[in-house]
Amino acid sequence: MKGLITSTMVVLLTLFLNFNAFAETNTPKGVALEFAEAYYDLDKSFENYLSEECKVDEDENKIVDIFFNKMDKKSKDMGYKRSFLKSSLFDMKAEILQESDSSAMVNIIGKRSRSINPLYSIVGRLFSLVETYDVNEVVNLVKVEGKWKVKDLSIEIM
């Protein structure tokens with residue numbers, strides 16, 4: 001009986017957490033925070049949050065390729081691999097500055113720390129071994145076919 005109660009609680013908690021995550025996914029705040037998390041983690045999935053106009057530059061070069069080439073050069077100039085530039089975000093909050101039916105400006109505020117790998121970030125913060133940096137960026141969004149997308153890449157990694 002005790003196992004059944006525990007199993008039921010796990011299932012209900014999982015459903016609750018998944019429902020809450022889904023509920024935030026297509027809001028300006030939710031999209032801005034999810035995009036920032038992927039972007040700072042140097043996860044190529046951040047391209048999924050970009051509007052079509054934002055995916056290529058004026059010469060039709062893919063913005064994501066340009067971004068990662070820039071990160072590779074920056075890390076190489078510092079004597080490291082790209083993973084050295086990864087950051088984990090924490091204590092993040094989002095505030096809507098402007099919103100209409102078709103566009104939004106969201107201010108994301110929080111902290112970030114280097115995240116060469118997940119353990120590095122957790123242990124480093126736990127024992128105050130890594131520096132933390134403030135994050136205070138505005139993400140411009142546009143609504144495309146009912147989904148919020150990032151309108152432009154104006155965030156700087158470092």
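Taking helices (runs of 4 or more DSSP H) that do not extend beyond the range 1-107, which have at least 1 residues that are at pLDDT 95 or above, surrounded by 13 or more Cβ atoms within 10 Å (Cβ to Cβ) and in contact with a Phe, Trp or Tyr (Cβ under 7 Å, 6 or more places away or on another chain)? Spell out how you get there, then give the answer.
Working: elements: 2-25, 28-40, 63-78.
Result: 28-40.
Kindly list the number of the only condition in (1) out of contact with any strand residue (DSSP E or B) (no Cβ under 8 Å at 6 or more places or on another chain); (2) over 21 Å from V144 (Cα atoms); (3) hydroxyl-bearing (S, T, Y) that fails for Y40.
(1)
Return yes when A104 is on the phi < 0 side of the Ramachandran plot and under 13 Å from the mean Cα position of the chain (by Cα) and no when it is not. Spell out the reasoning first.
Working: on the phi < 0 side of the Ramachandran plot: yes; under 13 Å from the mean Cα position of the chain (by Cα): no.
It is false that A104 is on the phi < 0 side of the Ramachandran plot and under 13 Å from the mean Cα position of the chain (by Cα).
Might you let me know whether the range 126-135 holds any residue that is hydrophobic (A, V, I, L, M, F, W, C) and either within 13 Å of the chain's Cα centre (by Cα) or closer than 16 Å to A38 by Cα (or both)? Steps first, answer last, please.
Of the range 126-135, the ones hydrophobic (A, V, I, L, M, F, W, C) are 126-127, 129-130, 135.
Add one more test, that the residue is either within 13 Å of the chain's Cα centre (by Cα) or closer than 16 Å to A38 by Cα (or both), and what stays is 135.
Yes; the residues of the range 126-135 include at least one that is hydrophobic (A, V, I, L, M, F, W, C) and either within 13 Å of the chain's Cα centre (by Cα) or closer than 16 Å to A38 by Cα (or both).
Return the pair list, or none, for Cβ contacts closer than 7 Å from residues in the range 60-73 that are farther than 14 Å from S154 by Cβ to residues that are basic (K, R) and part of a helix (DSSP H, G or I), at least 6 apart or on different chains.
Note: pairs meeting the criteria are V64/K44; M71/R82; D72/R82.
The values are calculated or read from the model by the stated rules, or taken from the named source; none is laboratory data. These numbers come from a predicted model, not from an experiment. Cβ coordinates were reconstructed from backbone atoms using ideal geometry, including for glycine residues, and neighbour counts include every protein chain displayed.
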